[in-house]
């Protein structure tokens, strides 16, 4: 029987995150703070029982997944899931976020992955997570986290900081957001790292498949 619990984790910080630069598919490793954030996410998630951890193919996500798996004594992540990877931001990659969004306010960057395509693969990744045989931790990226949470619960999570962990549980046939920690922004979803908390799901939860 499936464990009705899934965690979505945004990878820890990289130097480009610290510089407020669009990364997209540029493969940057975690910095020291990012490694600490990964450990913090693992500590938060240790209160629940998990069966496995999966990851985006990008190094920053795989490093985060490895740290979580080791701390929680989970088997090493298998092949990475391409559907969990970050959006390709095209011409904005390597550019300061404020400058890029000022130039392209709708974030329709030249040579970027269309938002519709990102939404499709995020939902595809979610259905794969939902059908897993045990509680799964998925380490991914901000765009994927936001898309899944919004699609599944009806809640727009807004900003999701590096090292954030969001726990979703299936209750009475609907997936609900039940706990979140964000080490980089206490206002994100209303809770910082010292106050991992529960909150009810949105008004329009998506029924489980």
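The table below gives the values:
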read-out	value
Helix 142-153 vs. the chain, principal-axis angle (Cα, 0 to 90°, nearest 10)	40 degrees
Spacing of the two label points (7 Å from each Cα toward its C-beta) at residue 115 and residue 102, in nm	2.2 nm
Highest-MSF residue in the chain out of 39, 27, 98 [GNM, Cα springs under 10 Å]	98
Residue-averaged [θ]222 nm for the chain, counting only DSSP H segments that reach four residues, each worth -39500 (n - 2.57)	-9500 deg cm²/dmol
FRET efficiency for residue 49 and residue 123, using Cβ-Cβ distance with R0 set to 35 Å, rounded to 0.05	0.85
Spin-label zone in region 95-124 - amide nitrogen under 17 Å from a point set 7 Å from the Cα of residue 25 along the C-beta vector	95, 108-122
FRET efficiency for residue 78 and residue 151, using Cβ-Cβ distance with R0 set to 25 Å, rounded to 0.05	0.55
Average silhouette area of region 104-146, convex hull of alpha-carbon atoms, in square nanometres	3.6 nm²
Antiparallel %, DSSP beta bridges [both residues in the chain], to 5	65 percent
Cα pair distances of region 1-107 binned at 10 Å [whole percent]	14, 41, 29, 13, 2
Relative contact order for the chain, counting Cα pairs under 8 Å that sit 6 or more residues apart, in percent	26 percent
Region 90-125 versus region 28-60: alpha-carbon centroid distance in Å	24 Å
Highest-MSF residue in the chain out of 156, 111, 15 [GNM, Cα springs under 10 Å]	111
Evaluated at q = 0.12, 0.19 Å⁻¹: base-10 log I(q)/I(0), Debye formula over Cα of region 5-190	-0.52, -1.36
Rounded to 10°, Cα long-axis angle of helix 59-71 versus longest principal axis of the chain	30 degrees
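Rule-based calculations on the coordinates, nothing more; no lab input. A quick note: this is a predicted structure, and the numbers were derived from the prediction, not measured. Virtual Cβ from ideal backbone geometry, glycine too; neighbours counted across all protein chains shown.
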